[in-house]
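Student: Pasting in a structure now, in structure tokens, and then I'll have a few things to ask.
The values are calculated or read from the model by the stated rules, or taken from the named source; none is laboratory data. The structure displayed is predicted, hence computed values, not measured ones. Cβ placement follows ideal geometry from the backbone for every residue including glycine, while neighbour counts extend to all protein chains displayed.
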Amino acid sequence: MQVIVAVCLTVPCYPAQPWRPSPRLPAVSAPSLVRAPSSRAERRSARIVAVAARWIQDGRRLDMQGLADELGISRVTLFRRVGSREALLGKALWMLTQCTLETAAARWEDERPEGELRTPGTGRHINAIVSQSAGLRRLLDDEPALTIRVLTDPRGRVQAGIVAFIEVLLRRDIEEFGLVTLIEPDALAYALVKLGESFLYADVLAARKPDVETANRLQRALVEGILP
């Protein structure tokens, strides 16, 4: 259930309308997914991050001078507002990821049969979006070490945010459907995300072909290992 993508790297999101849960889907988002910029400084930073996310989505290299030129600001101002290039890449990938998580949850909710768990189906949609993302693939091909570091850093925004999102889904499945998990939901969420990383980014991490179907099957087996 690894992700990357608000702009869903395959689903254009700029300009975007705010995502609203369907009537069948009480909020599944972690708090960090829905917080809007409040101060002027935060809005300025968010605008920069949004443009950077669009560049990634379009398969463009994140060139700080080119980005500053498009935004009409100096390179010094750009760094002052968003930090280093790696920091900006992390923020942009997290913005993209938020859209992917919410889109995947909404898609599964629209097709989910009555009584079906939310976590496995949402995970399959996440994996599909990630695996079909041309922008992400270009980034991984051009800058594999940096991209993997940003995506999989447990102290970074992306992995931690995905784990939190999956944990929310697991806890809802436990509460609503009586799911009994093999381990605590927070640990299971982390395991699901790491498993997804291993198979979706296998070419970068282990010189193996990415395998979405195997990731889907193993993640579902972990979630549905014990049912009442």
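Student: For segment 147-169, enumerate the residues that are out of contact with any helix residue (DSSP H, G or I) (no Cβ under 7 Å at 6 or more places or on another chain) and modelled with pLDDT under 95.
Tutor: Scanning segment 147-169 gives a single hit, Arg155.
Student: Also: Can you spot a residue in segment 122-135 that is among the basic types (Lys, Arg), at negative phi and part of a helix (DSSP H, G or I)?
Tutor: Yes, segment 122-135 contains at least one residue that is among the basic types (Lys, Arg), at negative phi and part of a helix (DSSP H, G or I).
Student: While we're here: Can you give me the number of residues within segment 65-92 that are more than 17 Å from Ala41 (Cα to Cα) and not hydrophobic (A, V, I, L, M, F, W, C)? Don't jump to the end; show me each part of the working.
Tutor: Initially, segment 65-92 is screened for residues more than 17 Å from Ala41 (Cα to Cα), giving 65-67, 69-70, 85-86, 89-90.
Within this subset, residues satisfying the condition of being not hydrophobic (A, V, I, L, M, F, W, C) are 65-66, 69-70, 85-86, 90.
Residues in segment 65-92 being more than 17 Å from Ala41 (Cα to Cα) and not hydrophobic (A, V, I, L, M, F, W, C): 7 in total.
Student: How many residues are without any contact (Cβ under 8 Å) to a residue 40 or more places away in the chain, over 17 Å from the mean Cα position of the chain (by Cα) and closer than 18 Å to Leu101 by Cα if we restrict to segment 143-179?
Tutor: Number of matching residues: 1.
Student: Same structure, new question: Condition first: at pLDDT below 95, part of a loop (DSSP other than H, G, I, E, B) and over 23 Å from Gln159 (Cα atoms). Can you find one or more residues in segment 39-55 that meet it?
Tutor: Yes, some residue in segment 39-55 is at pLDDT below 95, part of a loop (DSSP other than H, G, I, E, B) and over 23 Å from Gln159 (Cα atoms).
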